[in-house]
Amino acid sequence: MRHTINSGADACEIYIRESETMEINCRQGEAKSLQRTEKGVGIRALARRSYGFASIDGLSPQRVHRACERCAVTAKLGPRVQWTPARATTPQSPQPLSNERLSQLTLPKARDALLTCTGHAITLPQIESTSATMIISRHSIGIVNSEGLEVVQKLASMDVFFHVTASNGIVRESVQDVYSGSEVDQSDLLTLAVNTAVRARKLLNSKKISRLTHLPIILSPDAVARILRSSLALAVCLDIFKDSFLSRLLGKQVAPECLSLIDDGIMAGGRFSSSFDGDGVARQRTVIIENGTLRNCLSDRMEASKNKQASTGNARRGKDWDHRTTPHISHTNLVLRPGQGSLDEFVGEYQRAILLQDVNCTPNWESARLTGSIVQAFKVESGELTSCVGSGGFVIDLTKFLKNVIRVGRDVRQVFDVRSPSVVASSGTTLFPI
Amino acid sequence: MGRLSSPYEINRKGSLSLVSDIAHGHADRFAELRIQDDAITSITLVDGEIEELAESESNGMFARVYANGVWGLASATGTKLQIARDVINKAAAGLSRSSANRGRENILNLPVPVTTVVEGQHERSLSEMPLEEKVAFLKTATDQASNRFLTGTRLVYTERTGSVSIFNSQGMNIRTPSTNLSLIVSMTSRRQGKSEEVAAVIGGRGGFDIVDNEETRERIAELAEKAERLALARGQLRGKFRAVLDPEVGGVLVHEAIGHACESDLPSYEQRLSKRPVGKAHASKLVTVVDDPTLRSLAGSIDYDDEGTVATRKTLVEKGKLSTFMTDVDAATRHQLPLTGNARTEDYRFGPIVRMTNTFLEPGDWSHEEMIESVSSGVYLAGPAFGRIDYNKGIFELKCSEASLIRGGRLTRMFSHITAIARIDDALKGIVALGKDLKFNQQHCRKFAQVVDLAVGSPDILIRKIVVSA
């Protein structure tokens, strides 16, 4: 930091990162592992209110000092900004956030856990193949800056992707699912592997959407997660908010009172929970929708400064604490407040409806229309699930959909970075055949 | 920024010695070390003013060792000799932790060892060009862009200059340049509360002339016009239509529905092979798709892949029939296929996987006007576009910026925010005519969490039926 200042910067921030990643891929009983070590420094500098960034791989002092010098030079050519390095704040959660068991998980144990789960799933009837990838990342992150900030945090996370293919000799169907967080529980993993296999088997007898369908939609937690991540989570980022379909709705009622959504950066077991964000700002809980009213956007220091606001602590560097990039705005853990009722209870209430179990969506924050394809759905008739649907498309008018949410369940499930229960919407969704 | 040279950085002789040592005494072992050393410059302009200037150095190593049918892999930042030793030893240690497949053949399908240094060929070295000069070009790049409703323009220029060196225990000893440029241009228009954003990627491998040329300025001007047209688009559209796809949209179809289908390392490869082996019909007989890394200056133009295999032109689909599957060493060994030079990685952190290079659909003989005039009722879909394939469901989904209704052979009403969905088989077998003008576009393709730059090419495509929602 002193080197950067001595090279001509007025202010600077030094971001240091050391990461160890274990990636294990299991396919048909064989395991392949990759161990990745990454270290580096990212430097941001201000010179007469102009801004520059440089990064270097490795922690060799000679190289880092050269990067500091280069950053100071780049800053003089760079844009004039209102950004300044973050001031020290008290974290809202005590250190450490990461689970100690995850931090100590070794490669052989991780491999064995994965082989056990996939090995069990393949023994189920009609299961043709299983594969899984487990990625365990451990990060040590440090940020110091000329405003006196000095923060260090150690983080660990695990993502497990399951892929199961079922076959009845005539038809093949595959399902994918994901398990994420900063805690590990092998029984949860095993349950997920088995549930993924069961879902794949159910799809073997699935039908198609045969005509345009406008029915009440019951969304499983998985489907809610995908829809939120593809639309709302993007639309509420401050840097693109003004071009999003929510741009004129801040402070307005966008949904019924039963719907509240928060971004929780300090949630225990959350995939992207941490003490500080990529700017060094303390993570927090930010209310996005409160009892149906759109309250806040998510921001980092750069965008917050432009808008004369305080940052919400949503700065992310790259995919996962990457020192090679400047921060961008991203949600941490989206949490939909649970209500009353469960998926089974909701199904029992309808003469005719569609249960969307899992979907694929094309990301969209500009228009209020979200389009995608059905991975798995079920027809609801006389309060019961009848046939499984494995093919069809859908269009959701998000503005209408949100206003017509009539039930939010209590059956919460975490799907990667979204924790959500089931949701029922009376209208706003059109299903169509492909 | 120029690189540090240090007597402690690993050299070529040291690298070869390390991989040989790992394999020494183990006739059944294979060891490989890949070293990458890059300088990255990124310039972001918003509305003609610099928003961010960034310079980075990225260097590190990737090692893998193979024995008894299993791989051990490791990577680390830095290029010092001790780091190389550590990363190779870690990869070798990974073998004992992987499960052994005792019945498995141990003979890898490996590239012929080559000793060579490939130099980049371009008019002016990127590292020689001052940053100020690049900024000056970018500031003028949107001068010709005109749009009544324009609310914002964003240009993100990224250049990567450096080299990749590959050594293996068979004697592979090559160094190739890893130079790549990309310019992402996005424009936003707003009218009556409706926002439209369009974006395009321009770039390739070579000097600054890849982006600093008249074609780039024309492309940016066209993008601005498109953003203006889209701001005027209104209404909803839904149904099954006969469709003309422009080259950008056609390129996405080729990339997703054919290119990825021919990657032999995808989990569903065995499914597809058993359903539709080489020689069987995969598409209309009009369709011939080629993957050609020997074309110059495109994003996928390489001399050697990231395992040292010579990069060659290959026909993936010939007159509708599957002809060649793309491979890397692992996939070629598993499936007993020839090496095709399609092993690529994002950077040193990752192992190679099968990727496309420059993939294109060979053109036909229809003009654009003839194709539109031939449609009495349908849609014209135009890019920019991106897409997604679901092989499990056999569904192809793409998002493109623009659709125009075709009535009586003429373009009529325009719509924006288009999603088109089709069954892969229906789309490919339903191709009834191809245009004569082949155009290439650069794409960023994400697969197994790795992003690489490649080029896709297509002429106009006329498809029998596709579901469109706007």
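The values are calculated or read from the model by the stated rules, or taken from the named source; none is laboratory data. Quantities reported herein were computed from a predicted structural model and do not represent experimental measurements. Don't worry about glycine lacking a Cβ; one is built from the backbone with ideal geometry, like all the others, and counts go over all protein chains shown. Each accessible area value is taken on the protein alone, full model and side chains, heavy atoms only, with ligands, DNA and RNA left out. Shrake-Rupley method; radii C 1.70, N 1.55, O 1.52, S 1.80 Å.
Just a few scattered comments:
- Percentage, to the nearest whole number, of Cα pairs in segment A:294-434 over 19 Å apart: 64
- Between residue B:20 and residue B:116, the contour length at 0.36 nm per residue exceeds the alpha carbon distance by 32.7 nm.
- Cα convex hull of segment A:20-63 - mean projected area over all directions, nm²: 4.8
- Leading residue at positive end of dipole, the protein assembly as shown (Cβ point charges), from B:130, A:5, A:327: A:327
- Around the Cα centre of chain B, unit charges on the Cβ atoms of Lys, Arg, Asp and Glu (plus for the first two, minus for the last two) sum to a dipole of about 2040 debye.
- Along each principal axis, Cα extent of the protein assembly as shown, largest first, Å: 75, 63, 60
- Charging the Cβ of each Asp and Glu at -1 and of each Lys and Arg at +1, and nothing else, the dipole of segment B:234-393 about its Cα centre rounds to 800 debye.
- Across peptide B:46-53, the average count of Cβ atoms from other chains found within 10 Å of a residue's Cβ is 5.
- Largest first, the extents of the alpha carbon coordinates of segment B:166-210 on the three principal axes equal 65, 24, 6 Å.
- Sorted from longest to shortest, the spans of the Cα atoms of segment A:110-172 along the three principal axes equal 66, 23, 9 Å.
- Positions from segment B:188-230 whose accessible area shrinks by 30 Å² or more when the full protein complex is built, not the chain alone, probe 1.4 Å: B:190, B:195, B:197
- Of the solvent-accessible surface of segment B:105-242, computed with a 1.4 Å probe and all protein chains present, 44% belongs to carbon and sulfur.
- 18 Å Cα-Cα threshold exceeded, pairs from A:76/B:134; A:252/A:403; A:202/B:240: A:202/B:240
- Placing unit charges on each Cβ (+1 for Lys and Arg, -1 for Asp and Glu) gives the protein assembly as shown a dipole about its Cα centre, and among A:122, B:201, B:312 the Cα reaching farthest toward its positive end belongs to A:122.
- Interface size B-A, as summed buried accessible area [1.4 Å probe, Å², nearest 100]: 6200
- Compactness of chain B was expressed as the Cα radius of gyration divided by 2.2 N^0.38 Å, which yields 1.04.
- Chain A: Cα Rg divided by the 2.2 N^0.38 Å rule of thumb: 1.06
- Efficiency of FRET from Cβ geometry, residue A:258 and residue A:384, R₀ 25 Å, rounded to 0.05: 0.50
- Carbon plus sulfur fraction of accessible area for chain A, probe 1.4 Å, in percent: 50
- Drop in accessible area of at least 10 Å² in the complex versus isolated chain, residues of segment B:453-470, 1.4 Å probe: B:467, B:469, B:470
- Solvent-accessible ranking of A:185, B:86, B:306, largest area first, probe 1.4 Å: B:86, A:185, B:306
- Pairwise Cα separations in segment B:163-262 fall into 5 Å bins from 0 onward with the following percentages, short to long: 2, 9, 11, 13, 16, 16, 11, 8, 5, 4, 3, 2, 1, 0.
- Basic side chains Lys and Arg get +1 at the Cβ, acidic Asp and Glu get -1 at the Cβ, and with that the dipole of segment B:170-258 about its Cα centre reaches some 560 debye.
- Cα lying deepest toward the dipole's positive end in the protein assembly as shown, options A:71, A:351, B:357, charges on Cβ: A:351
- Accessible area per residue, Å², chain B with all protein chains present, probe 1.4 Å: 38
- Shielding by other protein chains, B:387-396, mean Cβ within 10 Å: 5
- With the whole protein complex present, residue A:89 retains an accessible surface near 70 Å², based on a 1.4 Å probe.
- Computed over the Cα atoms of segment A:303-372, pair by distinct pair, the Kirkwood hydrodynamic radius stands at 16.7 angstrom.
- Stokes-Einstein D (µm²/s) once Rh is taken as the Kirkwood radius of segment B:383-455 over alpha-carbon pairs, at 25 °C in 0.890 mPa s: 167
- DSSP beta bridges confined to the protein assembly as shown are antiparallel in about 90 percent of cases.
- Solvent-accessible area of residue A:350 with every protein chain in place, 1.4 Å probe, in Å² to the nearest 10: 40
- Taken per residue, the accessible surface of chain A reaches 37 Å², heavy atoms only and a 1.4 Å probe.
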